[in-house]
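J.: Structure incoming, see below.
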Amino acid sequence: MRTMITRAVCAVLLTGLPLLSWAQAWPGKQPIKLVAVFPPGGSVDQVARILSGPLSQQLGQSVVVENKGGASGVIGTASVLAAPADGYTFAVVFDTHGVNQSLMANMPYDSKKDLVPLVLVGTSAMMLSTHVGTEYKSFADVVAAAKAKKNVSFGTIGNGSLGHLAMALLAKNGGLEFNHVPFKGGGPLMNDAIAGHIPLTMSTVFLNKPHIDSKRLRPLAVTSAKRVADFPDVPTIAEAGFPGFEAPAWWALLASAKTPPDIVKRMNEELNKVLSNPDVSKRLVAQGIEISGGSVEKAKTFIDGQIDTWAKVVRDNGIKPD
């Protein structure tokens with residue numbers, strides 16, 4: 001009997017050796033890939049590239065960024081899940097990750113079950129802005145026009161985007177009427193905004209700031225719980241008559257839920273070190289991002305909460321994807 005038990009234990013240990021050595025060898029096997037799930041030039045791409053260099057130095061392994069956009073981040077995220085769950089392929093996602101599950105039919109993965117957060121990089125306010133030549137001098141002007149049903153149009157980076165959902169939530173809470181104009185990304189949206197072709201935009205501070213600095217756009221309100229440091233005179237929507245309103249943009253790194261726990265733990269630790277790097281902090285803050293960091297559990301609680309919050313907004317407003 002003892003011999004049989006000994007053999008069984010040895011078999012279990014031998015079976016576990018490949019996985020154990022795999023985790024111990026990480027990350028020496030090959031370069032690590034950060035899949036930015038949006039095209040080059042946007043905030044997801046910027047975040048991935050800001051993190052990749054310092055992360056590479058810490059791990060002693062090349063960290064490369066690959067852009068794989070499409071379907072609000074679904075295509076890039078699905079590609080990470082299609083890769084081996086060996087700690088060499090991760091996703092850098094935007095707040096659309098918190099919306100996709102409720103917005104899109106036939107999702108190729110379950111956002112909560114199939115992925116594990118490595119870290120919540122940070123959050124940012126969304127900002128309602130207007131061309132400097134419009135009649136909207138304040139957020140109160142927008143609310144008054146929307147209450148009067150004056151065909152108040154606003155643009156976002158796309159149908160079902162966080163900006164779209166935030167305005168839908170605002171309209172429902174305040175009995176307001178808006179006309180949504182979806183664009184195919186931040187570039188086209190800002191081009192029309194600064195040309196005065198769309199009177200209002202709801203997008204990230206990251207997209208708005210250069211055009212506010214150049215005096216082509218006027219900020220009216222932000223969706224964060226507190227005012228943005230760079231724009232201390234711009235009120236939050238919550239303090240401007242909608243108590244409790246909050247709709248943050250956010251960025252995170254994710255891995256397949258099948259990734260070895262030791263690698264998830266190590267990546268969380270390494271990413272928190274990167275986020276505490278003064279140069280990285282400075283560059284992220286310059287993008288309008290308030291750094292978060294923290295544990296895997298903290299990130300999961302936040303992201304799961306976002307998924308639940310926006311699922312209700314999608315259902316309540318019958319929002320469909322493009």
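The values are calculated or read from the model by the stated rules, or taken from the named source; none is laboratory data. Predicted, not measured: the structure shown is a model, and the values here were computed from it. Please note: Cβ atoms are built from the backbone with ideal geometry, for glycine as well, and neighbour counts cover all protein chains shown.
J.: With the requirement that a residue be assigned to a loop (DSSP other than H, G, I, E, B) and either of a type in the set (Ser, Thr, Tyr) or on the phi < 0 side of the Ramachandran plot (or both), what does region 70-88 give you?
T.: Matches in region 70-88: Ala83, Pro84, Ala85, Asp86, Tyr88.
J.: Sort out which residues of region 89-115 are crowded, with 18+ Cβ neighbours inside 10 Å, part of a loop (DSSP other than H, G, I, E, B) and of a type outside the set (D, E, K, R), and write them in order of number.
T.: Once the filter is applied, which keeps residues that are crowded, with 18+ Cβ neighbours inside 10 Å, part of a loop (DSSP other than H, G, I, E, B) and of a type outside the set (D, E, K, R), region 89-115 yields Thr96, Tyr109, Ser111.
J.: Here is a further query. With the requirement that a residue be in a helix (DSSP H, G or I) and over 20 Å from Thr259 (Cβ atoms), what does region 48-69 give you?
T.: Hits for region 48-69 are Arg49, Ile50, Gly53, Pro54, Gln57.
J.: Inside region 121-141, can you point out the residues that are outside any strand (DSSP E or B), touching a Ser or Thr at 6+ places or on another chain (Cβ under 6 Å) and closer than 28 Å to Trp251 by Cβ?
T.: Hit for region 121-141 is Ala125, nothing else.
J.: Select from region 184-211 the residues that are assigned to a loop (DSSP other than H, G, I, E, B) and among the aliphatic types (A, V, I, L, M) and list them in ascending order.
T.: Result: Ala195, Ile198.
J.: OK, next. Restrict the check to region 292-311 and report whether at least one residue is part of a helix (DSSP H, G or I), assigned by TED's automatic domain parsing to the domain that holds Gly53 and farther than 24 Å from Asn100 by Cα.
T.: Looking for residues that are part of a helix (DSSP H, G or I), assigned by TED's automatic domain parsing to the domain that holds Gly53 and farther than 24 Å from Asn100 by Cα, one finds none in region 292-311, hence no.
J.: Count, please, the residues in region 178-198 that happen to be of a type in the set (Gly, Ala, Ser), closer than 17 Å to Thr134 by Cα and either surrounded by 14 or more Cβ atoms within 10 Å (Cβ to Cβ) or in contact with a strand residue (DSSP E or B) (Cβ under 7 Å, 6 or more places away or on another chain) (or both).
T.: 2
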